[in-house]
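For reference, the structure discussed in these notes is given below.
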Amino acid sequence: MKLFALLVACLFASATGLKAQSYSVDWYKVAGGGGTSTGGVYSVSGTLGQPDAGVLSGGNYSLAGGFWGIIAAVQTPGAPVLTITRTATNSVVVSWPYPSAGFSLQQNPDLRTTSWTPSPQMLNTNAALNWIIVNPPQGNVYYRLRSN
């Protein structure tokens with residue numbers, strides 16, 4: 001019994017000398033992947049989780065609130081296929097097959113409106129493609145080919 005009491009006393013004495021570790025999580029991010037949802041000529045891409053705080057920017061691009069600023073092609077049924085590629089200098093090339101007689105390129109900053117206007121960029125052409133070069137503006141721009 002004396003031995004048991006001595007062991008209990010030693011345990012209590014050693015426990016008073018131990019201190020809890022100090023842990024903190026100063027910043028964290030939850031990112032659960034994401035994906036693309038499509039329907040008709042529209043698509044939305046996104047990620048699930050907490051966005052980085054504030055506005056992130058560099059060069060001609062900025063990201064606010066976790067949403068992506070985009071330049072996107074809106075495929076018009078029956079029109080030639082529009083392709084968008086980014087260049088090494090952070091410009092964007094919007095292209096479609098040549099010849100595409102009877103179609104003109106239009107742009108719109110907001111798909112909720114019908115404010116499609118002729119694209120102001122200079123049209124380039126070679127034996128295979130029509131294309132424009134876009135130095136990306138702030139915000140979204142959508143392009144489509146419209147039958148004349």
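The values are calculated or read from the model by the stated rules, or taken from the named source; none is laboratory data. These numbers were taken from a predicted model, which means no experiment stands behind them. Reconstructed Cβ throughout: ideal geometry from the backbone, glycine too, with neighbour counts over all protein chains shown.
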Name the residue that is surrounded by the fewest Cβ atoms within 10 Å (Cβ to Cβ), counting only residues in the range 78-99 that are among the hydroxyl-bearing types (S, T, Y) and at pLDDT 90 or above. Y98
Return the residues of the range 112-134 that are over 25 Å from T89 (Cβ atoms) and of a type in the set (V, I, T); say none if nothing qualifies. T113, T114, T117
Just the residues that are among the hydrophobic types (A, V, I, L, M, F, W, C) and within 14 Å of V81 (Cα to Cα), please, taken from the range 92-136. V93, V94, W96, A101, F103, L105, A128, L129, W131
Looking only at the range 71-129, which residues are free of Cβ contacts under 8 Å to residues at least 12 places away in the same chain, hydrophobic (A, V, I, L, M, F, W, C) and closer than 12 Å to R146 by Cα? A101
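Condition check ((1) in a strand (DSSP E or B); (2) of a type outside the set (F, W, Y); (3) over 25 Å from G39 (Cβ atoms)) across all residues:
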{"residue": "A88", "(1), (2), (3)": "no, yes, yes"}
{"residue": "V94", "(1), (2), (3)": "yes, yes, no"}
{"residue": "P99", "(1), (2), (3)": "no, yes, yes"}
{"residue": "T113", "(1), (2), (3)": "no, yes, no"}
{"residue": "M122", "(1), (2), (3)": "no, yes, yes"}
{"residue": "W131", "(1), (2), (3)": "yes, no, yes"}
